[in-house]
Every structure is written in C-alpha cells, then in structure tokens.
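Colleague: To start, I am sharing the structure in question, which I have written as structure tokens.
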Amino acid sequence: MTARLEIRSLHKRFGALAVTDGISLDIAPGELHAIIGPNGAGKTTLVAQLSGQLAPDSGQVLYDGRDITHMDMAGRVHLGMARSFQITTILHGFTVLQNVALAVQARKGSSFRFFGRADAEPALNAAAIGYLRQVGLAERAGDVARNLSHGEHRQMEFAIALATAPRLLLLDEPFAGTGRQEAEQLLALMRQIKGKQTTLLVEHDMNAVFALADRISVLVYGRIIATGTPGEIRANAEVRAAYLGEEDAAC
Amino acid sequence: MSDSPAPTTAPPASPAAPLRRPRLFSRGAAALAIFGLMALVPLVAHLSDDPFLTVAFTRILVFAIAALSLDLILGYGALVSFGHAAYVGFGAYAVAILSRHGITDIFVHLAAGIGVAVIFAVLTGAIALRTRGVYFIMITLAFGQMAYFFFTSLSAYGGDDGISLRGRSTVLGTDLLAHNSVLFYVTLGALVGLYLLAAAVVNSRFGRVLAGTREDALRMQAIGFRPFRYQLAAFVIAGAMASISGVLLANQAEFVSPAYMSWHRSGELIVMVILGGIGTLLGGVVGAVVVLLLEEWLSVFTTHWRMGLGLVLILVVLFSPKGIAGLFERLLGRGK
C-alpha cells in the first residue's frame, strides 16, 4: 500500500543551522505516528514544511504517492491535509461556531458568493455543530472565540482541523500548555480518532505520546535517530542517551 | 476591537439555532434613522429658504459613499488603502471627459468610471496585495499619487486647474439632475442601495472569508483559503463603489479637478472611517457627515479647522476605539 505521507530526505537550513537534516519518513494510512524530540529539534519546522507553510531546501514530500513539495498550504488542505498549530491560531473575533463553519465552508461550495447570510446556512452550521460536539465544545458554540480558555482553544483547533475533513491530520503539540484536566480530555479525543484518522502527532508530552502512538520517531537536531513502536523506543539505548534521560523514570 | 468582557454568561446559544446577532437588527434601525433624517434635508432647506443646505448635504452623501466603500476593505479586510481618493477621481473624470465630448448620459458616465476603477483596482491591487502593513499603505499611496499626477498632466482637460462642466449628467436625455433636490435624492438613493449591497456582502460567505483574512491570514490558509483572491475581489468592489461617488461628486460640484484624487483626500476618507467606526459600514457614513459638518462649522471660526478635527479624532480614538458607531452601541447598552 502507498504511504499516506512519504518524506524523502528533506533538508532545511536557516543560515548555518540545519534545522531539518535529511529526514525520511513514511506514514501509513490509519497510523498514528508521533514525532518526539527536545526543544529546538526542529519539530515545528518539519510540520511547517509538511503543511506547505515553509518550502524545504531539498527533498520531497509525497502525499498518496503524489509529489506535493511545491504545493501551497491551501492546495494541500484541499487534498485532505489538515494542520493544527502549536500556538493557537483561531479567529478571535469570530464565534466558536463561525470558526468551525468557515472551515466547513472552505470545502463546501464556492466562497465567491456575495449574497445570502453565511451565518444562516443550515448545512454549514449543522456540520460545524457536529464537529463541536465531537470535541465537547457544542455548548460554547455561540461564544466569541477570544473568551474561551486555553484548553477550550485547543479543543476548538481540533474541531477546525476535523472540519476540513482531513485524510491526514498534522497536529503540532496539541498538548502544549494544557492543564491536567484539559490534557485528559484531549487524550480521550485522540483515542476516539485513533485508527480512523491518519495522524502525525508532533508532541513534547511523553505520557500522551506513549499512550497513543502506533509508531514513534525521535527527532534530535534535525535528524531522526530512531523509529519504532513505543516499546522499541523506550528500550532504545541511543534514544535514552540522547533524549529520554532522567525523564525515562517517569514513563 | 473593544476588550470589554464579552458575554461569557450570555444566553446559552442553542446549538440548533444558528446565531442571529440581534445587533444587526438594531444596526438596521440606526441606518433607517440616519437615512430617514437625511431624506428630510431638502424639506428643511425649502422651509428655511436655504437652498445651499441641499447642495452641501449632497456633497456629504457623496463622501459617505466613498467612506462606506473604504470601510469595506479597511474595516473588513484590514486593508489600509491610502489611495482610495483615486477611485473617486476616476468617476469624476469620467463625467468631465465624456461630457466634454458630448456624451452626457449618466449611465455611460457610471459605466466608464466603474470600468476604469475596476481595471485600476485589479492591476494595482494585484501588486499592492503582495505586501502587508505599512508597505501596503505606501504602495496604495504611490499608485494613488500616480493617478493624481496623470490627471494633473492632462492639459486638454484642465490639467492642474481642473475643468468646469457645462452642465450635469443627463438621464436618458432628460436634464433631471439639474434640480438640486433630484440630485440629492439620487445620491441618497445610491448611498442606501450601496449600503444595503455592502451589508449583504459582509454577511455573505465571501464577507466571512474576508473578515477571516483580517483576523488571521495563516489560519485561513490552514483551512484551505487563499486570502489573496478574496482580498483582491474586495479591493475591486470598493474601488468600483468609490467611482460611483466620483460620478455624483462631479455632478454636485459641476467641476472636476485632480485635487479630488490627492492623498489628502485619501487621508480624509480614512479619518472619516476611523472617526465613524471601523468595520461597521454605517460608521463610514456617520464619519463623513461629522467630518464635513465639522469642516463647515469650524472653518467659520478659523482657517486652521483641521486642528479642531484632529482634536476630535484623538478624543474619539482614545475613548471609543470603535468610533462614533461604537460609542452609540455602548450607550444603547449593547456590546457589553
């Protein structure tokens, strides 16, 4: 079977610093693949290149066997690639419902419609409410996004990503900055979609990663030093030395 | 953006019912009140035997259209165009140049003005929209000034001094617009029509995408939109609307000069929108009325009337970031 996402010797430099230093990786359909790595390992830069926000210096990104290395972000979204951001990126002045409905609108019909209230389109709102229910945020639908808590913002990002009906979900540190309870909620949500949704999870939170991932890749200084099941990664001596260190005790 | 704590305890929006903001309804009421009051101006002018009032208010309505069109891109797209007066000029010169050659029909004037505005907006917008922030302001300013100097150099049509019209535009062969009150109501009708059009656009699918690009362009790309094309479309619509105000301005003044297109004029339009309330549509209208009335009133006392206007602007921006429209919304107990 073709990999959903295939990364072939991707390189990206910022000046003298090789932030992505020859990364190759396959993500199979239905897989939940996690990438872990210490701060500054180049995780967000990798996600930016996969989502089309940044162009790599060399290498290729293949999606369902198709070369998308030079496709822009919107084009990739239309192919079914969704991304959530490490730093919450939502439309703060919009209501929660509008935020999600806009993502539905992006794939349902033309947005060059100048008449008719978008707020009153039942198809958009119904679909949006569905996604909000899925993440447990339906009762906040009418609130302005800026008034939600940080955890709720993360849930909302998730709903927005789901609303683009992705075939590949790129999640950039969804657990960053969440409290214990919020993390639990998010974890439950991730369990829900696991198996149904091909996901690349870039994460700092070890508990979440080891609880969720089918396979884990360890990224250190722009290189992947190991890929394997959670068990293999935990047992990998190189990974322990390079990264897990004392944190290992907690796992 | 007011940072007043918003409705965390607002009525729990029932997920089934799509949100209908009651605010919009009362905005409609405010629009009705403003346009209704305006409609009385010729009557007041007649009763007080002051025909100048009708002419002066026609000019106010003309600039209200221009400010309304600017608010569409400034308020909903965060595109600070510093060359918006150029579009007013295109409309005005369409009247002047065509009339000079014997073509006096207003529909031809409108078509020509809008046509030139659309072409100019597409060409300059496609370039300007590759930039952001201050650079966008500077590029639109530069294009606006290019248009200004182009018409300054047209000596056949008055050049720097401008050109007087022999008469107003005709309507299907009649000189209906020669009556000041008819021109007034035509202008008011255009304002109301364009206001309704703009209100429909900002609430449409397109408007929602445009407002999304204002909030966060990266997020919009991440859900599959390419902001550029929506911003360009809005830029073109705003330019076309402004050119309509230019056609009416030429008719009101019966005189056209490059001064209509200078960057001072563009700046004044921005002041109108900010003073009235960015992103409210009606704010642009209110801003035009207030700025031009202040000009009228303050210039009686001093030639430095702009200082007074500046003071008012500072006070409004400090105490009501959403302008006069925002002030009213707060006074009427909404937006709390």
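Colleague: Rounded, prolate or oblate: which one fits segment B:130-242, using the alpha carbon gyration tensor with axes a ≥ b ≥ c (rounded when a/c is under 1.5, else prolate when a/b beats b/c, else oblate)? If you can, show how the numbers build up before the last one.
Modeller: Numbers: a/c = 3.92, a/b = 1.51, b/c = 2.59.
In terms of gyration-tensor shape, oblate.
Colleague: How big a patch of accessible area, both sides summed and in Å² to the nearest 100, lies buried between A and B at a 1.4 Å probe?
Modeller: The buried area between A and B, both sides summed, comes to about 3900 Å².
Colleague: At a 1.4 Å probe, what is the % contribution of carbon and sulfur to the accessible area of chain B? Mind dumping the intermediate values first?
Modeller: Values: 10630 of 14910 Å².
The computed percentage sits at 71.
Colleague: Just going by the charge dipole of chain B, with Lys and Arg at +1 and Asp and Glu at -1 on Cβ, which of B:ALA190, B:SER99, B:LEU282 is farthest out on the positive end?
Modeller: Among B:ALA190, B:SER99, B:LEU282, the one farthest towards the positive end of the dipole of chain B is B:LEU282.
Colleague: So, one more: Going by Cα centres, segment B:46-114 and segment B:116-167 are how many Å apart?
Modeller: 15
Colleague: Related question: Would you mind listing how long chain A runs along its three principal axes, going by Cα atoms, in whole Å with the largest first?
Modeller: Principal extents (Cα only, largest first): 59, 40, 37 Å.
Colleague: Taking only Cα atoms, what is the 0 to 90° angle, nearest 10, from helix B:205-215's long axis to the longest principal axis of chain B?
Modeller: 80
Colleague: Compute for segment B:51-262: radius of gyration divided by Kirkwood radius, i.e. Rg/Rh, restricted to C-alpha atoms, rounded to two decimals. Intermediate results must be reported in sequence, preceding the final value.
Modeller: Details: Rg = 17.5 Å, Rh = 17.5 Å.
Rg/Rh for segment B:51-262 comes to 1.00.
Colleague: Next up: Just the number, please: carbon plus sulfur as a percent of the accessible area of segment A:90-165, 1.4 Å probe, no ligands or DNA/RNA counted.
Modeller: Within segment A:90-165, the accessible surface is 59 percent carbon and sulfur.
Colleague: Is there a quick way to get the dipole size of chain B? I mean about its Cα centre, with the Cβ of Lys and Arg at +1 and of Asp and Glu at -1; what is the value in debye to the nearest 20?
Modeller: On the way: 22 positive and 15 negative charges, 276 e Å.
Dipole magnitude for chain B comes out near 1320 debye.
Colleague: Just how far, in whole angstrom, is segment A:11-70 from segment B:224-286 if you go by their alpha carbon centroids?
Modeller: Segment B:224-286 and segment A:11-70 have Cα centres separated by 44 Å.
Colleague: For peptide A:98-109, what's the mean number of Cβ atoms from other chains within 10 Å of each residue's Cβ?
Modeller: On the way: counts 5, 4, 1, 4, 11, 7, 1, 7, 7, 2, 1, 1.
The shielding value for this peptide is 4.
Colleague: Report for the protein assembly as shown the percent antiparallel among DSSP-assigned beta bridges with both residues inside it, nearest 5.
Modeller: In the protein assembly as shown, approximately 60 percent of DSSP beta bridges are antiparallel ones.
Colleague: Same structure, new question: Could you count how many Lys pairs in the protein assembly as shown have their Cα atoms under 29 Å apart, skipping same-chain pairs fewer than 8 positions apart? It would help to have the intermediate numbers written out before the result.
Modeller: Numbers: A:LYS12/A:LYS43; A:LYS43/A:LYS194; A:LYS43/A:LYS196; A:LYS108/A:LYS194; A:LYS108/A:LYS196; B:LYS322/B:LYS336.
Step by step, the pairs that qualify in the protein assembly as shown add up to 6.
Colleague: Another question about this same structure. Counting partner chain Cβ atoms within 10 Å of every residue's Cβ in A:155-161, what's the average?
Modeller: 1
Colleague: Using Cα pairs closer than 8 Å and at least 6 residues apart in sequence, work out the relative contact order for chain B, in percent. Present the calculation step by step, with values, prior to reporting the outcome.
Modeller: Details: 504 pairs, mean separation 102.5, N = 336.
Worked out over chain B, it gives 31 percent.
Colleague: Considering only B:ALA211, B:ALA242, B:ALA92, give the residue with the highest GNM mean-square fluctuation for chain B, with springs between Cα atoms whenever their separation is below 10 Å.
Modeller: Residue with maximal mean-square fluctuation among B:ALA211, B:ALA242, B:ALA92: B:ALA211.
Colleague: Leaving out ligands and nucleic acids, note down the accessible area per residue over the protein assembly as shown with a 1.4 angstrom probe, in whole Å². All intermediate terms of the calculation are to be shown ahead of the outcome.
Modeller: Numbers: 24800 Å² over 587 residues.
Here the per-residue accessible area is 42 Å².
Colleague: Cα extents of the protein assembly as shown along the three principal axes, largest first, in whole Å?
Modeller: Principal axes ranked by extent give 94, 52, 43 Å for the Cα atoms.
The values are calculated or read from the model by the stated rules, or taken from the named source; none is laboratory data. Since we're looking at a predicted model, the values are computed, not measured. Here the Cβ is made from the backbone with ideal geometry for all residues, glycine too, and neighbour counts use every protein chain on show. Ligands, DNA and RNA are stripped out before the accessible areas are found, and what is left, the full protein with its side chains, is counted by its heavy atoms. Shrake-Rupley method; radii C 1.70, N 1.55, O 1.52, S 1.80 Å.
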